[in-house]
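What follows is calculated from the coordinates using simple rules that are stated; it is not laboratory data. Computed from a predicted structure; not experimentally measured. Note that each Cβ is placed from the backbone with ideal geometry, even for glycine, and that neighbours are counted across all protein chains shown.
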Amino acid sequence: MENQYIKLTFLDSETFQTENRWKIISSIKNNISKGIAPEVKLAQKMIWEFCKDNLKENFDEKEHERLYSVFRTTDVIYDRRESSIGACIPSLNTIIVKKINRKNPLNIIQVILHEYGHAISGYNVGRIIFLNKKIEEGTQDIFAQEVLNHYLKKHKKIKIRGEDINASYPVKIVSGYRDFQSWMKTFLYLNEKEGKDKEVLLSYEFNEDKKNLEMIFGKEGAKRFLVRDLGAYFLINKDNLYQLNRYRLTNINEKSQYFKDNKILQEFKRIQEKEQNEESR
């Protein structure tokens, strides 16, 4: 069968057994612009290693298939006419990358990682209506940053087109979504002590909304943000995030890696200090 659209439609059906689903995915031919093909291949390797190393025994068939599907079915196109640095259109299985700066290959990889993050979290298109744009965009910045740093820490260097690129650990992604990053940083902070911070990030990416929201708000608190087990992230605001986590936010640790440049946690810190001053009067 040559029709790509029909093949993709088959993947939405649960009637196909795993073996046949992998055959369908493997037969799909996506389009990757030659000028960025090495960066795309490296970004895929980075994402695969990050997910595998952090999920460990939980990196099962479901995660394998999702990543493999995204990598095999998503076109990655270089288009200098694109108005933004990069864009992902999950419903069209397309990532668009803007003008390439060959002098800064790390930036190209960052953009591709960010957009692949959208493609992974948008794998189930029906979920998009429940997303909060600020949380989604900030999360993909964090995802790209964590993936890059994991690879750099593991391999000590990043090599592209046969040459080492200038990248020092830890890499910090600075973008127009800097303030939006505070949402996922706060979610990660809430689970940092238990060593489950990366689990929070990946449960979001792989649409495990019930698990993700329970890790952020607890089992009871998560119920107000779930609709048929899909996360109604648009309902999340700073007030309910703080009120439902008062106990876990006691004595906020300013030395946490997730506190710096985190406007939400810093605001919560000021609220606590104000409340403590009022109580001491």
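Side notes on the structure shown:
- Percent of beta bridges antiparallel (DSSP, the chain, rounded to nearest 5): 60
- Where (i) 20.2, 69; (ii) 19.8, 76; (iii) 17.2, 49 are the candidate values, the label of the one calculated here for Rg and Dmax of the Cα atoms in Å is (ii).
- Label-point gap, in nm, between Lys23 and Asn277 - each point 7 angstrom along Cα→Cβ: 7.0
- Where chymotrypsin sites (Phe, Trp or Tyr not before Pro) in DSSP loops with at most 15 other Cβ within 10 Å are excluded, longest remaining stretch of the chain: 17-246
- Spatial offset of the stretch 96-135 relative to the stretch 206-264 amounts to 23 Å, using the alpha carbon center of each.
- Put a plus charge on the Cβ of each Lys and Arg, a minus charge on the Cβ of each Asp and Glu, and nothing anywhere else: the dipole of the stretch 31-273 about its Cα centre is then about 580 debye.
- Given Lys56/Lys154; Lys198/Lys269; Lys159/Lys260; Lys45/Lys157; Lys134/Lys238; Lys98/Lys157, the pairs whose alpha carbons are separated by over 18 Å: Lys198/Lys269; Lys159/Lys260; Lys98/Lys157
- The stretch 61-83-the stretch 151-179 distance, computed between alpha-carbon centres (Å): 21
- Our summary gives the chain a relative contact order of 14 percent, counting only alpha carbon pairs under 8 angstrom and 6 or more residues apart.
- When the charge dipole of the stretch 31-273 is built from unit charges on Cβ atoms (+1 for Lys and Arg, -1 for Asp and Glu) and taken about the Cα centre, the candidate among Leu226, Leu265, Cys51 whose Cα reaches farthest toward its positive end is Leu265.
- At least 20 Å along the helix axis (C-alpha) and Kyte average at least 0.5, DSSP helices within the chain: 105-121
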